[in-house]
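Reading through the structure tokens given below for one structure.
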Amino acid sequence: MKIIEIDNYPDFFNLKESWNEVLLKSNHSIFSTWEWLSTWWKHFGKDKRLVVLLAENDGKILGIAPLVYSVQRLFGLRQGKIEFIGTSTSDYTDFILTNKGEECIQSFIEYVNNLAEKWKCIELSDIPENSKSLPTLRKISRNVKPVHKCHFTSLPKSYDIFLKSLSRNLRYDLHRSSRRLEKDGYKVNFADYSGTGSFDKGMRIFFELHQKRWTSRGFSGVYAKEKYRNFHLDIAKSFSQKGWLGLYALELSGRPVSALYGFKYHSKYYDYLSGLDPAFYRYSVGNLLKAHVMSQCIRQGLNEFDFMRGAEEYKDRWNTMTRWNRQAIITRRGFLEDIEYRLYDKYWQQGSRLKYIVKNAPRTLARTLDK
């Protein structure tokens with residue numbers, strides 16, 4: 001088996017056709033597509049090194065390791081780390097494997113062990129629990145553990161059947177919210193902004209509502225940063241052209257009050273993020289929109305609605321089941337390297353927590369004084 005390294009964007013860009021051929025033969029999520037990962041690298045690859053590895057045998061690509069090397073700094077210390085491209089932004093990450101998966105992964109790790117860059121660990125986060133990579137990673141990693149709980153619900157053949165599967169309380173809440181809106185004179189409209197001609201408007205609505213939700217809680221929200229807005233605008237454009245975008249809004253008498261941003265891929269809807277106007281909380285506009293999107297998904301033949309990472313209580317109301325994402329940590333060979341990593345990682349976690357507290361102290365104090 002031969003390992004080929006791709007370490008620059010032009011070569012990564014030219015991999016599109018080959019990448020998609022490998023995807024067709026593998027079990028993967030939308031976060032492993034070339035479109036998602038290449039767009040992520042375009043926006044977030046600064047100060048990082050691309051380490052995309054291809055495992056070839058007889059001229060055929062059997063596996064891909066979409067990796068990145070970066071150096072993180074905290075309180076004057078530096079930590080070199082290898083991880084999957086898109087980590088933290090992607091709800092699922094993994095190797096892309098078609099055949100000889102164990103041999104591919106072992107070859108990838110062997111290659112990374114010989115990189116010139118100084119790294120303390122390979123930290124592979126958010127690997128789905130049904131991933132074919134996990135058995136091999138458990139053999140070569142000192143630590144494979146659950147890190148994120150993911151909720152999902154199966155979608156039946158009809159929306160009526162789905163409604164009957166929900167709790168009586170949720171069904172009542174949806175019905176009551178619809179009656180309240182009608183009684184208060186609102187004209188309800190569910191808008192689909194997934195198309196190539198409307199995604200831009202839909203994303204602007206989504207950004208605004210997402211920010212409203214977070215600023216009402218005293219936080220800035222992720223889309224206060226231009227680079228995140230630009231990344232998702234590029235994703236929405238690309239995905240709308242391929243029919244992968246699922247972008248919806250609930251409008252009351254022409255005013256957008258709730259938005260849902262997600263992806264439709266391989267018979268599944270990925271519920272990525274939502275936004276809503278806090279002034280309309282009492283109408284449960286978020287639940288109304290989610291129910292409408294689930295109805296749309298059923299009509300389109302999708303069979304799963306994936307709420308993805310996060311153990312928020314509201315997800316339990318939708319008759320969900322759970323899966324756990326795993327994290328695998330691989331250290332450089334040797335006893336001393338392992339001890340060094342464990343001490344360093346413990347300090348890093350405590351330092352990151354302290355940095356967050358210090359950064360948010362003024363906001364936390366202000367919110368306390370306002371009560």
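Output the strands (runs of 3 or more DSSP E) that fall wholly within region 191-297 and possess 1 or more residues being touching a His at 6+ places or on another chain (Cβ under 6 Å), or say none. Step through it out loud before you land on a result.
Working: elements: 245-252, 255-265, 268-276.
Because the criterion is at least 1 residues that are touching a His at 6+ places or on another chain (Cβ under 6 Å), the strands (runs of 3 or more DSSP E) in region 191-297 that meet it are 268-276.
Could you check, for region 100-109, whether at least one of its residues is assigned to a helix (DSSP H, G or I), touching a Gly at 6+ places or on another chain (Cβ under 9 Å), in the same structural domain as Trp19 (by TED's automatic domain parsing) and of a type in the set (Phe, Trp, Tyr)? Don't jump to the end; show me each part of the working.
Initial filter on region 100-109 (assigned to a helix (DSSP H, G or I)): 101-109.
Keeping just the survivors that are touching a Gly at 6+ places or on another chain (Cβ under 9 Å) gives 101, 103-105, 107-108.
Keeping just the survivors that are in the same structural domain as Trp19 (by TED's automatic domain parsing) gives 101, 103-105, 107-108.
Remaining after also requiring of a type in the set (Phe, Trp, Tyr): 108.
Among the residues of region 100-109, at least one is assigned to a helix (DSSP H, G or I), touching a Gly at 6+ places or on another chain (Cβ under 9 Å), in the same structural domain as Trp19 (by TED's automatic domain parsing) and of a type in the set (Phe, Trp, Tyr), which makes the answer yes.
Matching residues to (1) at pLDDT 95 or above; (2) of a type outside the set (A, V, I, L, M, F, W, C); (3) out of contact with any Gly (no Cβ under 8 Å at 6 or more places or on another chain):
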position	(1), (2), (3)
Lys268	yes, yes, yes
Leu289	yes, no, yes
Ser295	yes, yes, yes
Glu312	no, yes, yes
Arg333	no, yes, yes
Glu337	no, yes, yes
Leu343	no, no, yes
Ser352	no, yes, yes
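Going through region 125-136 one residue at a time, which ones are closer than 16 Å to Lys149 by Cα and buried (at least 20 other Cβ atoms within 10 Å of the Cβ)?
Asp126, Ile127, Pro128, Ser131
Restricting the search to region 52-66, which residues are in contact with a helix residue (DSSP H, G or I) (Cβ under 7 Å, 6 or more places away or on another chain) and crowded, with 21+ Cβ neighbours inside 10 Å? So that I can check it myself, show each step before the final result.
From region 52-66, those in contact with a helix residue (DSSP H, G or I) (Cβ under 7 Å, 6 or more places away or on another chain) are 52-53, 55, 61-66; that's our starting set.
Residues satisfying the conditions are Val52, Leu53, Ala55, Leu62, Gly63, Ile64, Ala65, Pro66.
Here are some conditions: (1) of a type in the set (S, T, N, Q); (2) touching a residue at least 60 places away in the same chain (Cβ under 8 Å); (3) within 17 Å of Ser125 (Cα to Cα). Ser70 meets all but one. Which one does it not meet?
Against the list (1) of a type in the set (S, T, N, Q); (2) touching a residue at least 60 places away in the same chain (Cβ under 8 Å); (3) within 17 Å of Ser125 (Cα to Cα), Ser70 comes up short only on (2).
For His151, which of the numbered conditions (1) under 24 Å from the mean Cα position of the chain (by Cα); (2) surrounded by 12 or more Cβ atoms within 10 Å (Cβ to Cβ); (3) not in a strand (DSSP E or B); (4) not β-branched (Val, Ile, Thr) fails to hold?
All conditions are met except number (3).
Going through region 127-144 one residue at a time, which ones are of a type in the set (D, E, K, R) and farther than 20 Å from Leu62 by Cα? If you could, list the steps in order and put the result at the bottom.
Pass one, region 127-144, residues of a type in the set (D, E, K, R): 129, 132, 138-139, 142.
Listed by number, the residues that qualify are Glu129, Arg138, Lys139, Arg142.
Scan (1) among the aromatic types (Phe, Trp, Tyr); (2) closer than 11 Å to Gly275 by Cβ; (3) modelled with pLDDT under 95 for the single condition Phe206 breaks and write down its number.
Against the list (1) among the aromatic types (Phe, Trp, Tyr); (2) closer than 11 Å to Gly275 by Cβ; (3) modelled with pLDDT under 95, Phe206 comes up short only on (3).
The values are calculated or read from the model by the stated rules, or taken from the named source; none is laboratory data. Fair warning: this is a prediction, and the values are worked out from it, not measured in the lab. Note that each Cβ is placed from the backbone with ideal geometry, even for glycine, and that neighbours are counted across all protein chains shown.
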